[in-house]
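The values are calculated or read from the model by the stated rules, or taken from the named source; none is laboratory data. Model, not experiment: these values are computed from the prediction. Note that each Cβ is placed from the backbone with ideal geometry, even for glycine, and that neighbours are counted across all protein chains shown.
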Amino acid sequence: MAGNSFGQAFRITTAGESHGPGNVVIIDGIPPGIPLSVEDLLVDLNRRKPGQSKIVTQRKEADHPEILAGVFEGVTTGTSLAILIRNEDQRSKDYSDIKDKYRPGHADYTYDAKYGFRDYRGGGRSSARETNVRVAAGVVAKKILEAGFGGRIVGYVTQVGHLQAQISDPASITADQVEQFSDGSLNPVRCPDHQMATQMIEFIDQVRKEGDSIGGVAEIVACHVPAGLGEPVFDKLKADIAKALFSIPAVLGVEYGSGFACATMRGSQNNDHFIAEEDAEEGGPVITTDSNRHGGNLGGISTGQPLVFRAAVKPTSSLLIEQPTVTKQGQPTTIKTKGRHDPCLLPRFVPIAEAMIAITLADHWLRWRAQCEAAPDRTHHD
């Protein structure tokens, strides 16, 4: 089936379902010699896994990765890397009552329309369960970015429902601010505005007790990305990142830089002005801009400024509240979704979004190196 692979020079292919034996990713294009262990993968997998706090799904999954190929003596070999994550706590019986009903907000009807039948146990192939192996691939991509140009990616929650965080400088946010409160305790909502994070946690818990769900917004920032990554037409960096984020379940909107706010601006307000800064390490002036309303992208190519993307994530569709629907035969009925579901997807969305942006950047970094780094004369870029 088409649509299971993403990327060109750094390419991932995934397989698996929500309630199958597990999920697997095969990664092609990894440079040889990159240190990689199961412990490396677990750092981000533990950020994504269910059951980590009361404001996420209580499904119990260890999400312990198995490296099946592509690593020898602790480093990548340069050949295809395969990672398997087994499912352990499916509880498929929770879905037996809905096998002939269409859940509002889910892909049940569209699966039937496309394939003529569907795996009714959870979301099947379209379930966010599949994203665990994407996060594993994202760890590998982050290692490539760090080794290649000191790349750093940090995602965080900026909005839950009506509650909005105040973030003055996205590029200054650290992983510690996102993952922990100032006293060192866990920040389960992953909002770096800690005062607002406390309100978000209370609000999500209230929504959970009501059997409902709530949506929000996450922001993802990539720093130290060199200028020149991306293509000018179909494979614009912004377009590939947008596709990467839209490929994550529940994403309904993506914007970068000033985003939809540009609709009310004049050109004189939205433009970022080019300036030259002296850089001793570079041995001369470096071209940059005095602001970053362009979000690190011009013409689909990176400018050297931080890449700043935001994704709007819808409320979880599976609810304990009874909702009207129809059966596969078109008969009116009602549905109440059993099982264990996130009252808010944002906390676990953050590491998934980081992974997809890392995968996209690793792909474009390797593509740039293959095409442009070996050019006969690069002096005009120095």
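Here are the numbers:
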{"item": "Some residue of segment 193-208 being more than 18 Å from P347 (Cα to Cα), over 17 Å from the mean Cα position of the chain (by Cα), part of a loop (DSSP other than H, G, I, E, B) and not aliphatic (A, V, I, L, M)", "result": "no"}
{"item": "Hits in segment 208-260 - residues which are touching a Pro at 6+ places or on another chain (Cβ under 6 Å) and basic (K, R)", "result": "R208"}
{"item": "Flag for G51 being buried (at least 17 other Cβ atoms within 10 Å of the Cβ) and either in a loop (DSSP other than H, G, I, E, B) or at pLDDT below 95 (or both)", "result": "no"}
{"item": "Among the candidates T79, T57, residue that is in contact with a His (Cβ under 6 Å, 6 or more places away or on another chain) and polar (S, T, N, Q)", "result": "T57"}
{"item": "Single residue of V139, V135 found to be at pLDDT 95 or above, among the aliphatic types (A, V, I, L, M) and under 24 Å from A312 (Cβ atoms)", "result": "V135"}
{"item": "The listed residue being under 29 Å from T13 (Cβ atoms) and aromatic (F, W, Y), out of F274, F349", "result": "F349"}
{"item": "Number of the exception - A128 against (1) at pLDDT 90 or above; (2) buried (at least 21 other Cβ atoms within 10 Å of the Cβ)", "result": "(1)"}
{"item": "Selected residue [assigned to a loop (DSSP other than H, G, I, E, B), polar (S, T, N, Q) and surrounded by fewer than 21 Cβ atoms within 10 Å (Cβ to Cβ)] from S213, S182", "result": "S182"}
{"item": "Wholly within segment 295-347, strands (runs of 3 or more DSSP E) carrying at least 1 residues that are charged (D, E, K, R) and in contact (Cβ under 8 Å) with a residue 24 or more places away in the chain", "result": "307-313"}
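Conditions (1) more than 24 Å from N46 (Cβ to Cβ); (2) in a strand (DSSP E or B), marked per residue:
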{"residue": "G138", "(1), (2)": "no, no"}
{"residue": "A141", "(1), (2)": "no, no"}
{"residue": "I144", "(1), (2)": "no, no"}
{"residue": "A147", "(1), (2)": "no, no"}
{"residue": "I153", "(1), (2)": "no, yes"}
{"residue": "V157", "(1), (2)": "no, yes"}
{"residue": "Q166", "(1), (2)": "yes, no"}
{"residue": "D176", "(1), (2)": "no, no"}
